[in-house]
Amino acid sequence: MKTESVKSYKQAEAYLYDVPKFTTKSTPEMTRAFYEFLGCPGETRNIIHVAGTNGKGSVCTYLSRVLTAHGHKTGVFTSPHLVSMCERFRIDGSLMEEEEFVSLFNRVMEKVKQVKDLLASGEAPGELKGLTESYHPTFFEYLFFMAMLWFEDKGVDDIVLETGLGGRLDATNVITAPVLCLITRIGLDHTEYLGETLDKVAEEKAGIIKNNIPLIFTDSDPVSTEVIKKVANRQGAKAYAVGKTNVSKLKIHENFIDFCVDYGYYSDVCPAEVNVKLPTIATYQTENAAMAILAAHLLLKEDMNREVLLCTLSETVWSGRMEEVRPNLYVDGAHNEDGIEAFIRCLKDIGEKNGILIFGVSRDKNYKEMLLRLVREVEWSRIITVSFRNPRSGSATELKTLLEENGIQNPEAASDVREALKMCYPDGNGKRVYVVGSLYLVGEVKELMMEEIL
């Protein structure tokens, strides 16, 4: 594909979506070489690097909002997006403007052109060693480079950086000196890239751990915990474990939860007990908030203001995770088995037994196990399967057939997301409707909410 400047956000978006068709995964050396050619933007800022299977976006959001509330100009780079690519880039909670997106896109494109020209002329500088004339950033690399340029331009104090896939080979791991690393709950996802066992996946995630840089991780299971501790010990990184045992006194209300976090051994960093309120019914967010609170104490130290911390968390919502987008309509991007487990645990915590399930999933996921767990472990008044626009979408009809073959009575299939929602509204009989599965599905629901179809 020709490397040309673009004039609109839609053009830039279309180009980026087309990138996987003409480029391949870059090695870390190639990513670092191009990053150095850009001038290593953002590298001198305080970078907090976050990896994990589930919970990364929530931890990034909680932590970045707390840092902002304490007067730190804070950039955050997350993925994926739900509606617009601009959602991946935020400073102090505000999204990147489309005009800025286009400008940054063109700056990276200009550098890609320069690389090609320099290599073709035989006059390439040393930092381009390892690149070839055919080099082009991958989809995720391109966005990462844009983010770091933006954060540098805007003079942020802190950058909260979420990995895209894995950790060890992730584009974001070209950062050499973060001030803090975090690894959220680990589960089996993207096994074709990260390995088919928890220890293999944990090894990839632990690849972000740096020499003598403190680490906070979710102590979710003995296998991944052992791997993470072993890598942290080898790197001389002080490791702080946060898990279910740190959370107690959970109370579930109509539209929020409150609970106590007890850090025990880490009381030298964070007070022994913190009473927290979150504006969500997603009980799985307790661990994510606990990680963010400990991270904030490690970063802010004596500047930590407890009242500001708790007030900020009580107002922070991470989009697409048990999010109430309309009264009694919830979306949850539980797109892998670990996410489904957390979602089910949440429904049991809140005592849900009569809701309506709308389920859609990417066909490359272990969707059979995910869907059957959902319908066997939770009582539903209706089950509706759905396809979404993305080419990766599983078939609503095939999902419905799967349910029927496994003895589930009266499942329904919707031709698209709009139809699925209209099957439940306006007469939902007061039942909660849960749209669950792919984040692409969640994104479509949010787009339809913008069109105010309900």
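The values are calculated or read from the model by the stated rules, or taken from the named source; none is laboratory data. These numbers were taken from a predicted model, which means no experiment stands behind them. No Cβ is skipped: glycine too gets one built from the backbone with ideal geometry, and neighbour counts run over all protein chains shown.
Looking across SER94, SER84, SER103, one residue alone is hydroxyl-bearing (Ser, Thr, Tyr) and under 22 Å from LEU165 (Cα atoms). It is SER84. Scanning region 211-231 for residues that are farther than 20 Å from GLY187 by Cβ and surrounded by 15 or more Cβ atoms within 10 Å (Cβ to Cβ) yields ILE213, PRO214.
The residues listed here are ARG345, ARG326; of these, the one that is closer than 19 Å to PHE259 by Cα, charged (D, E, K, R) and out of contact with any Ser or Thr (no Cβ under 6 Å at 6 or more places or on another chain) is ARG345.
Set side by side, the residues CYS270, CYS260 differ, and just one is out of contact with any strand residue (DSSP E or B) (no Cβ under 6 Å at 6 or more places or on another chain) and surrounded by 13 or more Cβ atoms within 10 Å (Cβ to Cβ), which is CYS270. Flag: ALA282 does not match the condition of being among the hydrophobic types (A, V, I, L, M, F, W, C) and either at pLDDT 95 or above or under 17 Å from THR74 (Cβ atoms) (or both). Of the residues screened, ILE358 is not one that is β-branched (Val, Ile, Thr), farther than 18 Å from MET423 by Cβ, under 25 Å from the mean Cα position of the chain (by Cα) and outside the structural domain of TYR62 (by TED's automatic domain parsing).
Screening SER387, SER393, SER381 for residues that are hydroxyl-bearing (Ser, Thr, Tyr) and closer than 18 Å to ASN328 by Cβ leaves exactly one candidate, SER381. With respect to VAL227, determine if the residue is over 30 Å from GLY351 (Cα atoms) and part of a loop (DSSP other than H, G, I, E, B). It is false that VAL227 is over 30 Å from GLY351 (Cα atoms) and part of a loop (DSSP other than H, G, I, E, B).
So, GLU405, is that one assigned by TED's automatic domain parsing to the domain that holds ASN336, surrounded by fewer than 15 Cβ atoms within 10 Å (Cβ to Cβ) and not small (Gly, Ala, Ser) or not? When the stated conditions are applied, GLU405 passes them. Within region 272-292, the residues that satisfy the criterion of being assigned to a loop (DSSP other than H, G, I, E, B) and in contact (Cβ under 8 Å) with a residue 12 or more places away in the chain are PRO279, THR280, ILE281, ALA282, THR283, TYR284.
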